[in-house]
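The values are calculated or read from the model by the stated rules, or taken from the named source; none is laboratory data. If you're wondering where the values come from, they're calculated on a predicted model, not measured in any experiment. With ideal geometry, Cβ positions are generated from the backbone for all residues, glycine too; neighbour counts draw on all protein chains shown. For accessibility, only protein heavy atoms count, side chains too; no ligands or nucleic acids. Shrake-Rupley method; radii C 1.70, N 1.55, O 1.52, S 1.80 Å.
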Amino acid sequence: MADSSNNHPKTLNFNVGVLGHVDSGKTSLARVLSSTASTAAFDKNPQSRERGITLDLGFSSFTVDLPEQLREDPGGHGYDKLQFTLVDCPGHASLIRTIIGGAQIIDLMMLVVDVVKGIQTQTAECLLIGELTCPCMVVILNKTDLLPPNKRQTAIDKMTKRLHKTLENTRFKDCPVIALSAKPGGPEAPETEEPHGVPELIELLKSQTYLPHRDPGGALLMAVDHCFSIRGQGTVMTGTILQGALAVNDTVEIPALKVTKKVKSVQMFRRPVAGAMQGDRVGVCVTQFDPKLLERGVVCTPGSLHTLHAALISVRKIGYFKGSLATRAKFHITVGHETVMARVTFFGLPPGEIHQTSTTDPQLPTLDPHASEPDCRPLDTPFSFDREYFHQDEYVIGQRQAGGAGQDPEQWALLEFERPVTCPTLCLVIGSKLDTDIHANACRLAFQGRLLEGFEEKSYSETTLPRLRIYKTKHKEGQVERVTDDYTVIGRNLFKKETNLQLFVGLKVTLSTGEAGVIEGGFGQSGKFKIRVPEGLSLETKQLLSSSVKKRVKGGAKGEPAKEDDAKTDSQPICINLRFKRYVFDPHKKMVQI
């Protein structure tokens, strides 16, 4: 947003994420592109300097004249300049949480690839994150100075072809690829070494820019990535406004700490402004706040965010993840700007219901190595407490059609967080297995989704979960012990001795001979039970039971009564089938007849 005065041109802010494998040269590239470094730029983190890698999001910027295509855009009137804000995301495998946090605030992604090494495991993960969060991409083949001059162009052409092949089934098909050397000679080379290809990259970035959707309306949500104090001024929180707007003298809330503060001043790259809106990167100054309390988090309109102990999400598996998605398993869940462990329960629509969606949403495809086209269905699949859902032991993979294409059925998941998280509804959710060996050549991103319902009560398992009508189907099988009259039989082996048979009274059963019956109650103390057959037993059934009794009598030793257990040796016992469903979160554990 422009300054309220006329001293400065109106500048459009465009966020460019710089992602890639560790040591691919991302920070060097950001440094040579940037003319203005923000407080969080270029590995200010002491650990980053010590290890020589980026450990946190770095922000820097440079400004160019507004490109022609934006001048001609009907929504671009009034802008004079284009500011590229570079978000330098860490490439180290264990820092994927930070990459995901950074990817959610970018308009365009630069994927930096070491031209000698090509795509590596973390490069592929960055590509996946970009595909989940970003509409367009430019690929940078960096470190071309390491290639022998006489073979350089051939190697670049070969790597470009390989990259286009890799990207052909993603949303980034046919994206531009450019070769350069951000820091010829490597990090230790003297500063006199001029980078190669950077002016061409700037022109390419200008050609790829578009007018991002910026909406100042709605509640403020700002992702804070840095917090520090300035003597005599107050505490500055730097970050990017994800939605809404803020202005000097506004009151904002830091929901994780349950505190509100008044905005004393706002800056955009060291320039004071009266306010800012969605998409802008800002520094917000407040007073009487200890910066140690907030290194990363969110700031919002008071009361607009909620702290959740559990949540319901739509869910879709990421095709490159090789493991199963099992119910009761724990995953690292990145939601908003937090990553927390959560236990996951998967569920879907009851079997037989039609649940394929034909709607497409170009903003949210997912990679699937088996599909000829990405799965582009929207992630905000509606959920209702008023309908029934089917419990799944694991996420269900859809039937692939001839030719390889296919879609997974609509599915949802219950997330039970190990610690509360603060986030907006409908925000992107990514589930990962970050404890996987970082050296293994395996994708750790497991599933994606949208947060549909959040549970704020600590006692949600007693107050809210019983409303969640997720059921399991059960099938029990026993045998007919004997007949007492034409309408009554005694059954066994359907229940354990300690089972409370009163819970099952009134449930319908079927005999393997075709009759339908109703459980009337227990019989004796050993778990046997009485079944009433309203239509009466058929003649054939009575004859079968009669011959079964004779066999048991014949089987006893001389002078001894026949043992009831001997009936287990019958060649064709009459089976009793009981089918019912039980709601997973019903505190009373009631059985419901199917």
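Annotations for the structure displayed:
- LYS508 vs. criteria of a type in the set (D, E, K, R) and either more than 56 Å from the chain's Cα centre (by Cα) or modelled with pLDDT of 90 or more (or both): yes
- For the stretch 209-267, the strands (runs of 3 or more DSSP E) that sit wholly inside it and include 1 or more residues that are hydroxyl-bearing (Ser, Thr, Tyr) and open to solvent by 70 Å² or more (accessible area, probe 1.4 Å) are 221-230, 251-254, 259-262.
- Taken across the stretch 179-186, residues that are surrounded by 15 or more Cβ atoms within 10 Å (Cβ to Cβ) and part of a helix (DSSP H, G or I) do not occur at all.
- Condition met for VAL518 (over 30 Å from THR307 (Cβ atoms), part of a strand (DSSP E or B), open to solvent by less than 40 Å² (accessible area, probe 1.4 Å) and not acidic (Asp, Glu)): no
- Qualifying residue in the stretch 568-579 (condition: under 30 Å from SER461 (Cβ atoms), at pLDDT 90 or above and not assigned by the TED database to the domain that holds PHE347): yes
- Note on the stretch 12-53: among residues that are in contact with a Phe, Trp or Tyr (Cβ under 9 Å, 6 or more places away or on another chain) and open to solvent by 40 Å² or more (accessible area, probe 1.4 Å), the one that is modelled with the lowest pLDDT is THR39.
- Residue count for the stretch 447-468, restricted to those that are of a type in the set (S, T, N, Q) and assigned to a loop (DSSP other than H, G, I, E, B): 2
- Residue ID - surrounded by the fewest Cβ atoms within 10 Å (Cβ to Cβ), chosen from residues in the stretch 469-487 that are of a type in the set (D, E, K, R) and in a strand (DSSP E or B): ASP485
- The criterion of being open to solvent by less than 70 Å² (accessible area, probe 1.4 Å) and either under 30 Å from ALA247 (Cα atoms) or not in a helix (DSSP H, G or I) (or both) does not hold for ILE156.
- The set of residues from the stretch 529-548 being farther than 24 Å from LYS476 by Cβ and at pLDDT below 85 comprises SER546, SER547.
- The condition (being of a type in the set (S, T, N, Q), open to solvent by 30 Å² or more (accessible area, probe 1.4 Å) and assigned by the TED database to the domain that holds PRO587) is satisfied by just one residue among ASN441, ASN493: ASN493.
- Residue that is modelled with the lowest pLDDT, among those in the stretch 105-135 that are part of a loop (DSSP other than H, G, I, E, B) and in contact with a strand residue (DSSP E or B) (Cβ under 6 Å, 6 or more places away or on another chain): ILE105
- PRO350 being touching a Cys at 6+ places or on another chain (Cβ under 6 Å) and open to solvent by 10 Å² or more (accessible area, probe 1.4 Å): no
- Across the stretch 136-153, the number of residues qualifying as surrounded by 13 or more Cβ atoms within 10 Å (Cβ to Cβ) and assigned to a helix (DSSP H, G or I) comes to 4.
- In the stretch 159-178, of all residues being polar (S, T, N, Q) and not in a loop (DSSP other than H, G, I, E, B), the one that is modelled with the highest pLDDT corresponds to THR160.
- Counted residues, the stretch 280-313 - those being at pLDDT below 95, part of a strand (DSSP E or B) and small (Gly, Ala, Ser): 2
- Among the residues here, HIS196 qualifies as closer than 24 Å to THR63 by Cβ and open to solvent by 50 Å² or more (accessible area, probe 1.4 Å).
- Condition check for GLY517: modelled with pLDDT of 90 or more, in contact with a helix residue (DSSP H, G or I) (Cβ under 7 Å, 6 or more places away or on another chain) and within 30 Å of ASP586 (Cα to Cα): no
- For the stretch 77-97, a residue qualifies if it is touching a Ser or Thr at 6+ places or on another chain (Cβ under 9 Å) and at pLDDT below 80, and the qualifying residues are VAL87, ASP88, CYS89, PRO90, GLY91, HIS92, ALA93, LEU95, ILE96, ARG97.
- Residue in the stretch 321-335 that is among the small types (Gly, Ala, Ser) and assigned to a strand (DSSP E or B) present: yes
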